[in-house]
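Only the coordinates and a few stated rules stand behind these numbers; no lab work does. A quick note: this is a predicted structure, and the numbers were derived from the prediction, not measured. Using ideal geometry, Cβ is built from the backbone for each residue, glycine included, and neighbour counts are taken over all protein chains shown.
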């Protein structure tokens, strides 16, 4: 196993830069998830680590050695593809042993390795089958097995679960995590699914437009997103955003005046000035319903648009200052559509973003961090 | 009586007309071959006297005997096998590499090269005979099998390339990337993984080029003048003399000429079966 260092890596196709100066240090044994929408450059970065794409400038090292000029075969990495990319003319056993055969590993050693890995992945009964005789989940396992057998310096995963149905995906998520704990292998995992990112990563790397937006543990990213992009991308149901003007009172308390005139108190934000246009970010679970239409409990009035029962919870869609706002509740509300309810924001948990730069303006009492890019 | 839906009567009509149409097509396509065979076994003396009959009243092998023992045909045959076989193999090898690069790589001038290759397919061959003769003559390549092989290869490479490219396009890129990560260079990945998955394509290309070269007459006639370098289509013409046509012998030679082409397709037909790539990726 080895660490991976990426310094100032740039990828351009002609005049178009798809990756702008990526810096990332991946620790030995760490599970890193690159997450972002399609076209953000996450797959390109992974393929650059694998050696399947040239590095326009900058450097990538694996285990302390710069690999820029090395062919994929000389980088000692294994990759699991979204399409699995199993060799259709080879049996499961041949697929898994192919890399070792190319390395001229002794036959007995290969056989041992295959037996072990097949046992771990539950493939023992399938070793003689061809890929076309396997189900999607089994093919996925074979692809994993092919990577594990090699004991490489690092594992690269390119959206490996995207082709599986929801239930199987959930199961494989857990399995990959367990495997990682067992093997302790440095892993880089690309996905556009923020749930996979949250559940699997030691650290998440959120990417957008070829730039790293934020690197941090899942909880860090969720609780302290660096900017509006990260805040909106991570978390489901997504964060609510409301524009308003920042206000500071005489006594040092602060708040945001929304466009409909209602006032949301917030913790004083670092760097925010009076009357600055800011964006309020509030996750659905950080908005409380204080009273139904008959109540007079303070709170901000909002019009109910839709009630969405999710089983465990219920999502209440309301309209506030002409913006859609989703509210998460464990209650079973039965508000009438178009009725007015009163809501309150959890001052400690909501965020203030600079509308212009889209950066988060952290509360003055939050310690400085150097995570955001 | 119920006539709608899947009543037995309706099924029978569908079934019957289905096979009737296929049968009609097969008869239409194969009748000339049957006629070839029929004439080849008809003795010369009753060829014209019996009128049009589906089968002659008496048959003979003497046409075959004559072609095989008294004529230059075995020699023409050998020439044709050499020319068509070499052309097929060389063309397919060139087309595989070119088709692969068209399928996988983006490089400067690709569009121009593809356009040029397409343009070569647009000329009537007759236009090109004189210049090609002029080029080959000083090189000593007229009247030689090598010259024919070069010309045939040049003319077949463009189409064969496009054919191969379409087969490579059908193979997911991930496969050779996986092979490269598993320890191959790109060329090794191409040779060890991609090519073995494209065997149906290779077989189809081989078959196509072989047949084209096997039956080519125009260039063979124009570029080759001696008996020793003649291919079999040219040889067939030797049965047409100034005053008569030896139909029986000509047809016998034609039947014999079918054998290598049929044998070749028998040899490659198992690779022509598609579906080898099923299961490589989700699908």
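Size descriptor for chain B, Kirkwood hydrodynamic radius: 22.6 Å (Cα pairs only, one decimal). Computed on the Cα trace of segment A:46-101, the radius of gyration divided by the Kirkwood hydrodynamic radius gives Rg/Rh = 1.05. Sorted largest first, the spans of the alpha carbon positions of segment B:28-112 along the three principal axes are 68, 33, 16 Å. A Gaussian network model of chain A, with springs between Cα atoms under 10 Å, assigns the largest mean-square fluctuation among A:50, A:269, A:291 to A:291. Computed over the alpha-carbon atoms, segment A:4-232 gives an Rg to Rh ratio of 0.97, Rh here being the Kirkwood radius from the mean inverse distance. Computed over segment B:191-232, the P(r) tail beyond 11 angstrom holds 70 percent of alpha carbon pairs.
By other beta-carbon atoms within 10 Å, ranking A:141, A:270, A:130 with the fewest at the front produces A:270, A:130, A:141.
Across peptide B:170-177, the mean count of Cβ atoms from other chains lying within 10 Å of each residue's own Cβ comes to 5. Here the Gaussian network model covers chain B, with springs between Cα atoms less than 10 Å apart; of B:252, B:88, B:29, B:29 fluctuates the most. Between segment A:109-157 and segment A:324-346, the C-alpha centres lie 49 angstrom from each other.
Rounded to the nearest 10 degrees, the angle from helix A:92-102 to the longest Cα principal axis of chain A is 70 degrees. Projected onto their three principal axes, the Cα atoms of the protein assembly as shown cover extents of 125, 78, 55 Å, largest first.
For the segment A:85-95, counting C-beta atoms of other chains within 10 Å of every residue's C-beta and taking the mean gives 5.
Computed from the C-alpha gyration tensor, the three semi-axes of the ellipsoid equivalent to segment A:216-361 are 25, 19, 12 Å, from longest to shortest. Taking other C-beta atoms within 10 angstrom as a stand-in for reagent exposure, B:122, B:250 fall in the order B:122, B:250, fewest first. Between residue B:115 and residue A:217, the simple label model (points 7 Å from Cα in the Cβ direction) yields a spacing of 6.0 nm.
Helix A:166-183 versus the longest principal axis of chain A: what is the Cα-based angle in degrees, 0 to 90, to the nearest 10? So the inclination is approximately 60 degrees.
Divide the volume of the convex hull around the Cα atoms of segment B:125-283 by the residue count and you get 157 Å³ per residue. With both labels modelled 7 Å from their Cα along Cα-to-Cβ, the residue B:211 to residue B:105 distance reads 3.2 nm. Once you divide the Cα radius of gyration of segment B:8-63 by 2.2 N^0.38 Å, the number left is 1.71. Compared with the direct C-alpha span, the chain from residue A:57 to residue A:260 gains 68.1 nm at full extension, assuming 0.36 nm per residue. Counting Cβ atoms of other protein chains within 10 Å of each residue's Cβ and taking the mean over peptide A:229-238 gives 0.
The C-alpha atoms of chain A define a longest principal axis, and helix A:107-121 lies at about 30 degrees to it. When chain A is treated as a Gaussian network with alpha carbon springs shorter than 10 Å, the biggest mean-square fluctuation among A:299, A:64, A:281 belongs to A:64. Label separation (residue B:154 vs residue A:65): 4.9 nm, computed from points 7 Å beyond Cα along the C-beta direction.
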